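Okay, so here's the structure we're looking at.
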Amino acid sequence: MANKSIIDGFAFSDDADVSIASAEVEKIQYIASRMSMENPKGVLAVYDKLITGGVFVTPVGYEYLRTLQSYLYKSKDIPDEAVREIPVPISYTRALNLRSEERDERLSKQKEMRTLRKTFRNEYKISLIVNIILIIMVIAMFVITLQAENPNMINYRTAILNQYSEWEQELNERETAIKQKELELDIR
């Protein structure tokens, strides 16, 4: 299975570069089908037009230019001075610096993420401890509230029923006491 980012043996990291390289492959095929390698002067003319026009910008195109240049150097009909050098518009120093900067940036992000993870771990532990303390406090408040003698929102019904029961019991006791007194007074 061929990878779509590999064109003519070159691996490209960007989809835009892949499409440019694919277009250059088509241009190379078109030029090769129209040009006769038997005519060194014609090859030199095409070579000069390709360099002047800046037709090729990827390694695929540069490799084709290098092939034409090698052919022209080997040809006895063309002097070596007539064959132009292939201009390279890319600054490799800048590319290396960019790569170095990207690596440094990636490393600093990784270091920052490690620091954040440590910070989050510490904050998580503190938060967990605080939450456990708060849960214990809430449970203690419910226990205190349930054991309190004064009526509150949780035990008000039970407290009121107990109070009415006590009053009823007290009234029954008084009524019984009064009936006994009446019986004692009526009998004598």
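Note down the nm distance, to one decimal, between modelled labels 7 Å out along Cα→Cβ at residue 186 and at residue 112.
Those two pseudo-labels are separated by 9.9 nm.
Note the angle between two axes, namely the Cα long axis of helix 40-53 and the longest principal axis of the Cα atoms of the chain, as a number of degrees from 0 to 90, rounded to the nearest 10.
Helix 40-53 sits at roughly 40 degrees to that axis.
Divide by every residue of the chain the summed helix terms, -39500 (n - 2.57) for each DSSP H run of at least 4, and state the resulting mean residue ellipticity at 222 nm, rounded to the nearest 500 deg cm²/dmol.
-26500 deg cm²/dmol
Lys pairs in the chain, Cα-Cα under 27 Å, at least 8 apart or on separate chains: how many?
For the chain, qualifying lysine pairs total 12.
Net charge around residue 118, counting only other residues with Cβ within less than 13 Å of its Cβ (Lys, Arg = +1; Asp, Glu = -1)? Kindly include the intermediate steps, with their values, before the conclusion.
Details: positive: 111, 114, 117, 121, 125; negative: 112, 123.
Neighbour charge sum, excluding residue 118 itself: +3.
Quick check: from the Cα gyration tensor, does region 126-166 come out rounded (a/c under 1.5), prolate or oblate?
Judged from the Cα gyration tensor, region 126-166 comes out prolate (a/c at least 1.5, a/b above b/c).
Give me the angle, in degrees from 0 to 90, between the Cα long axis of helix 59-74 and the longest principal axis of the Cα atoms of the chain, rounded to the nearest 10.
20 degrees
Within the set of other residues whose C-beta is less than 12 Å from the C-beta of residue 25, count the net charge using Lys and Arg as +1 and Asp and Glu as -1. Mind dumping the intermediate values first?
Numbers: positive: 27; negative: 8, 24, 26, 63.
Every neighbour counted, the sum reads -3.
Taking the number of other C-beta atoms within 10 Å as the exposure measure, put 24, 173 in order starting with the fewest.
Going from sparsest to densest Cβ surroundings: 173, 24.
Return the whole-Å distance between the Cα centroid of region 150-188 and the Cα centroid of region 43-62.
What the calculation gives is 115 Å, centre to centre.
Based on the mean of other beta carbon atoms within 10 Å per residue, what is the order of 57-70, 147-160, most packed first?
Averaged packing, sorted descending, gives the order 57-70, 147-160.
Just to be sure I understand the model, the point goes 7 Å from the Cα along the line to the Cβ. What's the resulting residue 140 to residue 158 distance in nm?
2.2 nm
Please give me the summed charge of the neighbours of residue 63: other residues whose Cβ is under 11 Å from its Cβ, Lys and Arg +1, Asp and Glu -1.
Here the charged neighbours net out to -1.
Sorted by packing (mean other beta-carbon atoms within 10 Å per residue), highest first, where do 14-20, 31-37 land? Let's see the in-between values first.
Values: 14-20: 13.4, 31-37: 11.3.
Per-residue Cβ counts within 10 Å, averaged per peptide and sorted highest first, yield 14-20, 31-37.
Grab the beta carbon distance between residue 94 and residue 63, set R0 = 25 Å, and tell me the FRET efficiency rounded to 0.05.
After rounding to 0.05, the efficiency reads 0.70.
Going from the alpha-carbon gyration tensor of region 1-41, what semi-axes, largest first and in whole Å, does one get by taking the root of 5 times each eigenvalue?
Taking √(5λ) for each Cα gyration eigenvalue gives 27, 10, 8 Å.
What nm value, rounded to one decimal, do you get for the distance between residue 73 and residue 174 when each label is placed 7 Å out toward the C-beta?
12.6 nm
Does the chain classify as rounded, prolate or oblate by the C-alpha gyration tensor (a ≥ b ≥ c root eigenvalues; a/c under 1.5 gives rounded; else a/b over b/c gives prolate, otherwise oblate)?
prolate
Determine the dipole magnitude for region 73-169: charges of +1 sit on the beta-carbon of Lys and Arg, -1 on that of Asp and Glu, nothing else is charged, the reference point is the Cα centre, and the result goes in debye to the nearest 20.
Charge dipole of region 73-169: 560 debye, to the nearest 20.
According to the Kirkwood expression over distinct Cα-Cα pairs, how big is the hydrodynamic radius of region 42-82, in Å?
Computed over Cα pairs of region 42-82, the Kirkwood hydrodynamic radius comes out at 10.5 Å.
Kirkwood Rh and Cα-based Rg: tell me the resulting Rg over Rh for region 6-82, rounded to two decimals.
Expressed as Rg/Rh, it is 1.01.
Values quoted throughout were computed directly from the atomic coordinates according to the rules given, and no laboratory measurement underlies them. All values derive from a computational prediction rather than experimental measurement. Cβ: placed from backbone, ideal geometry, glycine included. Neighbour counts: every protein chain shown.
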